[in-house]
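Reading through the structure tokens given below for one structure.
The values are calculated or read from the model by the stated rules, or taken from the named source; none is laboratory data. It should be emphasised that the depicted structure is a prediction, and the values quoted were computed from it without experimental measurement. For neighbour counting, all protein chains shown are included, and Cβ atoms are generated from backbone atoms with ideal geometry for every residue, glycine included.
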Amino acid sequence: MTDTKSTLAHINALTSEGIALLDNLYQLLEKELLALKARDIDLIIELNQQKQSVLVAFDQNNRSRAETLLNAQASVDKAGIEFLLEQSDDLRFNQLFRENWNSLEITLQKTMNANQRNEQVLTRSRQSLEQFINALRGQKPANTLYNAKGTKGDYSGQSRIGKA
């Protein structure tokens, strides 16, 4: 039991660290949203570098948690966590552990939603910029189709072939 409890305590500490890392990432995503709206390229680049550092640390945290689960001969998923919790008889600790794990899941979802929101803002901004540039070039929107990569291509020359 002591070995299981120490394993759970180690996973719980890693979970708390993961929550802190995700909170940090969420704050960076909030700052990124403001930078995207202001089109502050220098700040966006700086925030991107910070996000990469946090993501590397979070990846290491996940790998440590997975390694700890594997060393305890548990699967590397929620079922593995439940397996270890079933072996522990400390109900108070188990409840605190579950609350911490739930907090990790909620924080992860919140962070993923913020990242998706920023991606949508970036995509809309890029589309608006493309429309503005196309208008400056005198390019008609009807001449723009999607290419094999899913990006827009200029197919104005192909429409003339059909007229020949």
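Taking each residue of the stretch 123-141 that is under 15 Å from residue 39 (Cα atoms) and looking for partners that are modelled with pLDDT of 80 or more with beta-carbon atoms closer than 8 Å, six or more apart or interchain, yields 125/36; 125/39.
Evaluate the following for residue 88: is it surrounded by 13 or more Cβ atoms within 10 Å (Cβ to Cβ), of a type in the set (Gly, Ala, Ser), at pLDDT below 95 and more than 16 Å from the chain's Cα centre (by Cα)? Yes; evaluated as a whole, the condition is true for this residue. Taking the stretch 51-92 as the range and being β-branched (Val, Ile, Thr) and either within 30 Å of residue 35 (Cα to Cα) or not in a helix (DSSP H, G or I) (or both) as the test, the residues that pass are 54, 56, 76. Applying a threshold of 8 Å to beta carbon distances and a minimum spacing of six or more residues, or different chains, the list of pairs starting in the stretch 11-28 at a residue that is under 10 Å from residue 51 (Cα atoms) and surrounded by fewer than 17 Cβ atoms within 10 Å (Cβ to Cβ) and ending at one that is at pLDDT 95 or above and of a type in the set (Lys, Arg) is empty. Summed over the stretch 29-50, the residues that are outside any helix (DSSP H, G or I) and either basic (Lys, Arg) or crowded, with 16+ Cβ neighbours inside 10 Å (or both) give a count of 1. Looking across the stretch 71-85, the residues that are under 20 Å from residue 16 (Cβ atoms) and surrounded by fewer than 16 Cβ atoms within 10 Å (Cβ to Cβ) come down to 71, 76, 77, 78, 82. Could you list, in sequence order, the residues of the stretch 95-122 that are free of Cβ contacts under 8 Å to residues at least 40 places away in the same chain and closer than 16 Å to residue 15 by Cα? 95, 98, 99, 102, 105, 106, 109, listed by residue number.
In the set (1) part of a helix (DSSP H, G or I); (2) at pLDDT below 95; (3) surrounded by 11 or more Cβ atoms within 10 Å (Cβ to Cβ), residue 100 fails one condition alone, (2). Taken across the stretch 42-58, residues that are more than 30 Å from residue 128 (Cβ to Cβ) and of a type in the set (Lys, Arg) do not occur at all.
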